[in-house]
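Working notes, beginning with the structure itself.
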Amino acid sequence: MHNWRLDLFSGLDSAQDMHGVLDVALKVIRPFGFENCGWRALVPTAPIGRYTLLHSWEDSFVRKEHDGRYDDAPVPQHCAQSTDPISWQGTTEDPLFMKAPLLWEEYYECGHYGGWAQSLLSGEGNFSMLYMDSSHVLYPDDLLHVDTNLRWITAAVLCRMDEVKQSDSVRLAPVEHDILRWLCEGLDDEQIAKRMTTSVYLIHMHLRSAMVKLKASTRQAAVARAVFLGLL
């Protein structure tokens, strides 16, 4: 097999954003029998949506995952509590299947079967996880054979993902933070202006400043990005 470690570390070093990091992960895991991968992180203070997600593919299962349908699924729940890897074979006899049969049936119907996932936990109890799956059933011997390599890949990818996130940090002024928080809570411009005893014009001015800092083209995107970065 080609030197995957060289591909992994050189690729991650060159990756400039989170999608780039995920692209490197996908390239490296393919020789080990996986065709898709995803990244998930918990945003503990987010008032809307507990998780942020990135995927290397899109289908009905992924769309529902983005909508929060599977936040309580066995795999993310395990990874939120333990850094031990978790794997699944992709059969109805799999122990994980028994815990959520309807979820796994939908997963299989979308062409996903065996898989593997692991998380890294911070001292505050927040986590990020990398997970990967295959269009084929993966038996215990298959997974055991690649387990050590997948642990290395996961650690490198999640560490680089964290670095990319931190390098993209944003500093909001207190007034910008308050405006985004109230927008997130559903207040309109006039309600925010009244709460801050100022004019709607000044609210718009501060909001535009926040949007520039967050590289967002709409107020909704600014709120979402602030949530993603843990600023709200």
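Each reported figure results from applying straightforward, stated rules to the coordinates on display, with no laboratory input. Note that the coordinates shown come from a computational prediction; the quantities given were computed from them, not determined experimentally. We place every Cβ from the backbone using ideal geometry, glycine too, and count neighbours over all the protein chains shown.
Observations on the structure shown:
- Calculated FRET value between residue 141 and residue 170, using beta carbons and R₀ = 41 Å, to 0.05: 0.30
- Kyte-Doolittle mean at least -0.5, axial Cα span of 27 Å or more - DSSP H helices of the chain: 140-167
- Residue order, fewest to most beta carbons within 10 Å, for 34, 61: 61, 34
- Placing +1 on each Lys and Arg Cβ and -1 on each Asp and Glu Cβ, with no other charges, gives the chain a dipole about its Cα centre of roughly 1000 debye.
- Among 27, 213, 194: highest mean-square fluctuation, GNM of the chain, C-alpha pairs under 10 Å: 194
- Shape descriptor for segment 174-228: Rg over Rh equals 0.93 (Cα atoms; Rh from the Kirkwood inverse mean 1/r).
- Each Lys and Arg contributes +1 and each Asp and Glu -1, all at the Cβ; summed about the Cα centre of segment 155-232, the dipole is approximately 160 debye.
- Approximate shape of the chain as ellipsoid semi-axes (Cα gyration tensor, √5λ), whole Å, largest first: 38, 20, 14
- When the pairs 165/215; 64/215; 165/213 are compared against a 22 Å limit on Cα-Cα distance, 64/215 fall above it.
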